[in-house]
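Have a look at the structure below before the remarks.
The values are calculated or read from the model by the stated rules, or taken from the named source; none is laboratory data. No experiment lies behind these values; they were computed from the predicted model shown. Don't worry about glycine lacking a Cβ; one is built from the backbone with ideal geometry, like all the others, and counts go over all protein chains shown.
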C-alpha cells in the first residue's frame with residue numbers, strides 16, 4: 001500500500017510542478033471553472049431559466065467543449081460551432097419542410113437519405129487537408145446539428161422555435177467563452193508561437209556554441225552542476241527537432257486571433273513556419289556534428305590545436321548571428337547589429353578557409369566567388385586529417401548563411417507589415 | 001466567375017484524388033453514413049422511440065462525435081466516453097443527494113461550487129502528459145456530464161431515471177459505432193503504424209541509394225519521366241523526417257485495439273516508436289549528405305572515380321540491409337538474410353576503409369577493433385580531397401550499423417511476443 005501511496009504522491013508532485021512551471025495553466029483551470037459556474041446560473045436563477053428553459057443545457061455543453069487553452073483555438077472552435085450549427089440548422093429545416101410536404105410515408109425516407117448523404121459529404125470533407133486545418137470541428141458540428149435537427153424534427157412540432165432557441169443558447173455559451181478567454185489573462189497562440197521560435201533560436205545558438213566548444217576544450221575540470229547545465233544546453237537542438245507539430249498547430253490557431261500586442265490582424269504567421277523549417281535544417285546539421293564529436297576518436301593533437309581557434313571563432317560568430325536574430329525577432333525591429341555580426345561571421349568563415357589552405361598539401365583552383373560559394377570551396381579543398389570535426393561546422397555555416405540572409409529578408413517583411 | 005468555377009473544380013478534383021489514393025476514406029464515409037442512419041431509426045420506428053424517448057438524441061450525438069477513422073481511436077473515444085459519463089453521473093447524483101438534504105437555500109450553492117472545483121480539477125488533469133495521451137477525451141466528457149447532470153438536476157425531478165436513460169442511449173451509440181467500425185472493413189491503427197514504419201524503411205533505403213548513385217553517376221541522360229520518378233524517391237527521407245507526429249498518434253491509438261491479424265493484444269507498440277526515432281536519426285544524416293551533394297562543387301575527377309565503386313557498393317549494401325529489415329518487420333519473422341546482408345555491408349565498409357587507406361598520405365595508428373569502431377576509425381583517417389562526399393556516407397553507416405543491430409534485437413523480441 002505504501003508503494004501505491006508513494007506513486008500517487010509522485011504523480012501529484014509532478015502534476016504540481018507542471019503547474020508551477022507554467023502558471024497560466026492554473027489560471028486556465030480557474031477560467032474554465034468560472035465560465036462553467038456563470039453559465040450554470042441560467043439554471044439557478046428563475047428569470048434566466050424562464051427565458052431559455054431546458055435548452056440552457058446547450059450553453060453548458062458549448063462552454064465545456066469550446067473552451068481551450070489559447071485564445072486562437074477557442075475562437076476557432078467558437079466560430080466553427082456557430083457557423084456549423086446555423087448552416088446545418090437552416091439546411092435541416094429546409095429539408096424538413098420538403099419532407100413534411102411529401103406525405104407521411106415518404107417523410108422518414110427523405111429525412112434518412114438526406115442525413116446519410118450529407119454525413120458522407122461532410123465526413124469526406126474532413127479528410128481534405130485545407131478543410132481539416134481550418135474547419136474540421138465545424139464539419140463535425142455540421143453533421144451533428146443536421147442529424148439532430150432533421151431527426152428530432154420528425155417528433156417535435158415546433159421545430160423552428162427549437163432551432164432558434166438552441167442557436168441562441170449556443171451563442172450565449174460561445175460569447176461567454178470568448179469574453180472569459182480574451183479578457184482574463186489571455187493566452188495568445190500567436191505570442192506563444194513567437195516565443196517558441198525565438199526560444200528555439202537561442203537554443204540552437206547555445207547548442208552550436210557548446211558543441212564546438214566542448215570538442216575543442218575537452219574535459220576542462222568544471223564542477224558537476226555547471227557540467228549538467230552545459231549538457232542541457234547542448235541538447236537544446238533536440239527541442240528544435242521535435243517542435244514541428246506544436247509550431248504547426250500554434251500557427252493554425254494564431255490565424256484566427258484578432259490583433260493583439262505587437263501583432264496585427266494579418267500577421268504573417270506562415271513566415272514563422274518557414275523560419276521554423278530552416279531552423280530545423282540547421283538542427284539536423286548540429287545533430288550530425290554532435291554525432292561526430294561524441295564518437296570516441298582522437299584527432300591529431302597538432303592539427304586540432306591549429307584549427308581550434310578559428311573553429312571556435314566561427315561557431316561563436318554564427319551563434320552570435322542566431323542570437324541577434326532572436327533579439328531582432330523578439331523586438332520585431334531591424335537593427336544594424338545583425339549586418340555587422342553576419343559580416344563578422346563571414347570573415348570568420350574566410351579565416352577558417354585560410355587556415356585550411358595553409359594546411360592543405362594539394363593545389364586546387366579556387367576562383368573568388370561570393371561567401372556562400374567560398375564556404376563550398378572549403379568543402380572541396382579539405383585535405384587535413386581531422387576533417388570530420390571541421391567539415392560539419394562548415395556544413396553548418398552553409399544553412400546558417402542562407403538562413404540568416406533569408407531571415408533578414410523576413411524581418412524586413414515583418415517590419416513592413418507590423 | 002469562370003475563375004471561381006475552375007477553382008471549385010480543381011478543389012473537387014483534388015478531393016477526389018485523395019479518395020482514390022486511399023479508398024478506405026470513401027469506405028469510412030459510407031460507414032459513418034450507415035451508422036447515423038441506423039441510429040436515427042430510433043426516431044422513426046415507434047416501438048424503439050417509445051423505449052428511449054427524446055434521449056435518443058444522445059445516441060445520435062455519440063455516433064457523430066465518437067466515430068473516427070481507425071478502430072483504435074474509435075475504441076479510445078468509446079471507452080473514455082462511457083467511463084467518463086458513468087463516473088461523472090454517479091458523482092453528480094451523489095452530490096445532488098447531499099445538496100437536496102441541505103435545504104433550498106444551500107442547494108444551488110453546493111451544486112455550483114462542486115461544479116467549479118471539479119471542473120478545475122478535471123481541466124488541470126488534462127495538462128498532465130500521461131493523462132492527456134490516454135484520457136483527454138474522458139476528462140472532457142467527465143466535466144460535461146457532471147455539470148449537465150448536477151445543473152439540470154436542480155430543475156428535473158426524476159434525475160436518476162434521466163441519468164440511466166442517458167447512459168443507456170450512449171451505450172447504444174458506442175456499441176453501434178464499435179460494431180460498424182470493427183466489422184465493416186476495419187482500419188486498424190496498429191496495422192497502419194506497422195505499414196508506415198516499413199514503408200519509411202523502404203523510402204530511407206531508396207533515398208540513400210539514390211542519393212549516392214546520383215552523385216557518382218551524375219547527369220546520365222535519362223528521359224524526363226524517369227528523372228522525376230527518381231527525384232521523388234530521393235525526397236523519400238523527408239517523409240521520414242516529418243512522420244513523428246503521425247507515428248505517435250497511431251501508436252497511442254494502437255494501444256487500445258484488441259488482437260487483430262498478426263498483432264497480439266499487448267503488441268510492443270513502443271518498439272515501433274523506438275525504430276521510428278532511429279530511422280529519423282538516419283534521415284538526418286541523409287539530409288546532411290544530400291546537402292553536400294547538391295552544393296555545386298566538383299571534386300577531383302580522379303579521386304572521385306577512384307572512390308565511386310566502393311561508395312556505391314557501400315550505399316547499396318546499406319540500403320539492402322534497410323530493405324531486408326523492412327521485409328523482416330513486414331513478415332515479423334527472423335530470417336538469416338539479414339545477418340548475411342549486414343555482413344556484406346560490413347565488408348563493404350572495410351573495403352571503403354582500405355581504399356581510403358591507400359589514398360591517405362599520412363600514417364595513423366589503427367588498432368583492430370569491432371566493426372563500429374572501424375567505421376569510426378575511418379572518420380579519423382580521412383585525408384583525401386573529396387572527403388565531403390564520402391564522409392557523410394560513412395557517418396551514415398554509423399547509425400545504420402547501430403540501427404541494424406538494434407533492429408535485429410527488436411525483431412527477435414517481436415518474434416517472441418507474437
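Please determine whether any residue of the range A:246-269 is over 29 Å from residue A:186 (Cβ atoms) and either modelled with pLDDT of 75 or more or buried (at least 20 other Cβ atoms within 10 Å of the Cβ) (or both). If you could, list the steps in order and put the result at the bottom.
Residues of the range A:246-269 that are over 29 Å from residue A:186 (Cβ atoms), as a first pass: none.
So far as the range A:246-269 goes, no, none of its residues is over 29 Å from residue A:186 (Cβ atoms) and either modelled with pLDDT of 75 or more or buried (at least 20 other Cβ atoms within 10 Å of the Cβ) (or both).
Return the residue satisfying two criteria in turn: it lies in the range B:151-161 and is closer than 25 Å to residue B:65 by Cα and surrounded by fewer than 21 Cβ atoms within 10 Å (Cβ to Cβ), and of such residues it is farthest from the other protein chains (Cβ to nearest Cβ). Across the range B:151-161, the extreme among qualifying residues is B:160.
Could you pull out the residue among B:74, B:123, B:130 that is touching a residue at least 40 places away in the same chain (Cβ under 8 Å) and under 32 Å from the mean Cα position of the chain (by Cα)? Step through it out loud before you land on a result.
Working: B:123 fails: touching a residue at least 40 places away in the same chain (Cβ under 8 Å); B:130 fails: touching a residue at least 40 places away in the same chain (Cβ under 8 Å).
Selected residue: B:74, the only one of B:74, B:123, B:130 that is touching a residue at least 40 places away in the same chain (Cβ under 8 Å) and under 32 Å from the mean Cα position of the chain (by Cα).
Of the residues in the range B:179-195, how many are in a helix (DSSP H, G or I) and buried (at least 18 other Cβ atoms within 10 Å of the Cβ)? Quick ask: steps written out before the conclusion?
In the first step, residues of the range B:179-195 are kept if they are in a helix (DSSP H, G or I); the result is B:179-183, B:189-195.
Applying the additional criterion that residues be buried (at least 18 other Cβ atoms within 10 Å of the Cβ) yields B:180-181, B:189-194.
Count: 8.
The single condition among (1) within 13 Å of chain A (Cβ to nearest Cβ); (2) in contact (Cβ under 8 Å) with a residue 24 or more places away in the chain; (3) over 30 Å from residue B:249 (Cα atoms) that residue B:88 does not meet is (3). Of all residues in the range B:12-39, those satisfying the criterion of being over 22 Å from the mean Cα position of the chain (by Cα) and facing another protein chain (nearest Cβ under 7 Å) are B:15, B:30, B:32, B:33, B:36, B:37.
Can you tell me which residue within the range B:95-150, out of those that are part of a loop (DSSP other than H, G, I, E, B) and more than 8 Å from chain A (Cβ to nearest Cβ), is nearest to residue A:58 (Cα to Cα)? It would help to see each step written out before you state the result.
Let us first name the residues in the range B:95-150 that are part of a loop (DSSP other than H, G, I, E, B), namely B:102, B:126-128.
Next, from what is left, pick out any that are more than 8 Å from chain A (Cβ to nearest Cβ): B:102, B:126.
Details: B:102: 28, B:126: 23 Å.
Step by step, filter the range B:95-150, then rank; the result is B:126.
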